Each structure stands twice: as structure tokens, then as C-alpha cells.
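These notes concern the structure reproduced below.
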Amino acid sequence: MKISAGLQEGGVVVGNAYDKYGSKNMLVRWIMNGFADRLSSLVTQVGPRTIHEVGCGEGYWVLDWNQQGLQARGSDFSQKVINLARENAQSRNFSPDIFSACSIYDIEPERDSADLIVCCEVLEHLESPEAGLSALQRVVTNYLILSVPREPLWCALNLVRGKYLDSRGNTPGHIQHWSQKEFIKLATRYFDVVDVRAPLPWTMALCRAKR
């Protein structure tokens, strides 16, 4: 699978800084397995017919869901990372058209709604996460899964593995930082939070549109 590996567009780091999905580091593999298990359990809990991942990066989860037989698609603001996602789709014999370039701020109900909206590891990159959550409100008709790094644990674990020492463990492109309590408080301003998971070192929330 092709990874952006620090690729930038408009001065913004896009996709994943390194291949965490294919890492041979035992700690990274354990952490990613924990994330995948919690995410999969929430998707199963919802039982969606359609999934739209907003901020899909190189398309890892969208392709995984399609391989499971789910109807999933993804969007990302970066045309460069969408081009990588489309290449990854073609390499697995999926249509590249399941990926499209669109900023989270520009998503629209008629085009972008789905049974389940997923927005993982996106909000920490936004200058205005509140505007991102407001945009998600427009397209969430049922369920939404959000995840963000759990601070300060995220940066501490980066330091433990000797990464990003000059920025005190902060991953390139992360400009927002929340503890679990802070993030859930923010999410509840826009959605009903119905389940919270804590795969190390993330906060993951299953939300519903406010009734």
C-alpha cells in the first residue's frame, strides 16, 4: 500500500507520515491492532449499509471495508493523497472512483451522507475543528465515528520510540491537542455521544445526530 510519507499539499502534511499499517515495530503493531479492533467493533455495532470516511488519507480503512463486502467510499481535501488512494484501490481491483477530493468544510448532505460517517485522525489537523464538526453535522443522519490522539499520551509514546524529538513528540501536522475528557466535551456540543472507546493512545467516540 502506498503511503504519503510526509507528502505536503499547500504547506499541509497529508496522509500518514510513515507506514503505521505495515510497521514491523512490535509496539506499533500492538497499538494499531488495538485501534483496528475498537473501530471494527463500533462499525459492527452500527451495522451500516453505506460508509463515508471523511479524511480518508491513502484509503486504508475504506479498502478494508470494501474487502469485507461493505459499500464504503472516502474523501480527503488533498488531491495528492486521493491520487495515492486511487492507486491503492486499483492495486486491489476496486474502482478508483470510490475516492474523491473534497475538504471536510465543503461536504454536502445530498452528496456525502451515508449510514455511517467515519472521521478518524482528522480533527487534530484542522485549524478550525469546530467548523469541521459543524460540517459533519450537515451530513450525519444516523451514526458517526470520531477519533483523535489522546494527549499528552500520544506525544509521550512518540518520545518513547524516539520519534519527533525536536517537536517534543508531536506528530507533523498535528495542531490540535485534546485529553479524552476535553474531546468528549467538544463532541457533545455537536452530537449525542453514545459510546466511548480508548484504544491506546486514541480517544474514539461513536456518536449520533442530535434528536
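The values are calculated or read from the model by the stated rules, or taken from the named source; none is laboratory data. Remember, predicted model here, so these are calculated numbers, not experimental data. All Cβ positions, even for glycine, are placed from backbone atoms using ideal geometry, and neighbour counts span all protein chains on display.
Scanning the range 57-85 for residues that are outside any helix (DSSP H, G or I), out of contact with any Asp or Glu (no Cβ under 6 Å at 6 or more places or on another chain) and hydroxyl-bearing (S, T, Y) yields a single hit, S75.
Cβ-Cβ contacts under 9 Å between residues 6 or more apart (or on different chains), taken from a first residue in the range 119-134 that is within 18 Å of E108 (Cα to Cα) to a second residue that is assigned to a loop (DSSP other than H, G, I, E, B) and among the basic types (K, R), are listed as E130/R189; L133/R189. Checking the range 27-35 against the condition returns no match, with no residue being in contact with a helix residue (DSSP H, G or I) (Cβ under 6 Å, 6 or more places away or on another chain), surrounded by 16 or more Cβ atoms within 10 Å (Cβ to Cβ) and not charged (D, E, K, R). Counting only helices (runs of 4 or more DSSP H) that fall entirely inside the range 86-172 and contain at least 3 residues that are crowded, with 21+ Cβ neighbours inside 10 Å, among the small types (G, A, S) and in contact with a His (Cβ under 9 Å, 6 or more places away or on another chain), no element qualifies. For the range 142-151, the condition holds for no residue, the condition being that it is of a type in the set (F, W, Y) and farther than 21 Å from M204 by Cα.
Of all residues in the range 112-162, which are of a type in the set (S, T, N, Q) and either in contact with a helix residue (DSSP H, G or I) (Cβ under 6 Å, 6 or more places away or on another chain) or on the phi > 0 side of the Ramachandran plot (or both)? Matches in the range 112-162: S113 only.
Restricting attention to the range 39-48 and to residues that are without any contact (Cβ under 8 Å) to a residue 40 or more places away in the chain and assigned to a helix (DSSP H, G or I), the residue that is nearest to V148 (Cα to Cα) turns out to be S40.
Annotation note: of R38, R29, the sole residue that is at pLDDT 85 or above and more than 15 Å from the chain's Cα centre (by Cα) is R29.
Of all residues in the range 49-95, those satisfying the criterion of being of a type in the set (D, E, K, R) and either touching a residue at least 60 places away in the same chain (Cβ under 8 Å) or in contact with a helix residue (DSSP H, G or I) (Cβ under 8 Å, 6 or more places away or on another chain) (or both) are R49, E53, E58, R73, D76, K80, R86, E87, R92. Among the residues of the range 1-38, those that are closer than 21 Å to L84 by Cβ and part of a helix (DSSP H, G or I) comprise V28, M32, F35, A36.
Residues are listed down the side, and each one gets a yes or a no for (1) of a type in the set (D, E, K, R); (2) modelled with pLDDT under 95; (3) over 17 Å from the mean Cα position of the chain (by Cα):
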position	(1), (2), (3)
A72	no, no, no
V81	no, no, no
A89	no, no, yes
R92	yes, no, yes
D97	yes, no, yes
A101	no, no, no
L133	no, no, no
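Candidates in the range 177-211 are the residues that are over 17 Å from V140 (Cα atoms) and without any contact (Cβ under 8 Å) to a residue 12 or more places away in the chain; of these, the one that is surrounded by the fewest Cβ atoms within 10 Å (Cβ to Cβ) is K181.
Check whether at least one residue in the range 191-208 is out of contact with any Leu (no Cβ under 8 Å at 6 or more places or on another chain) and within 20 Å of V14 (Cα to Cα), and report yes or no. Yes, because at least one residue in the range 191-208 is out of contact with any Leu (no Cβ under 8 Å at 6 or more places or on another chain) and within 20 Å of V14 (Cα to Cα).
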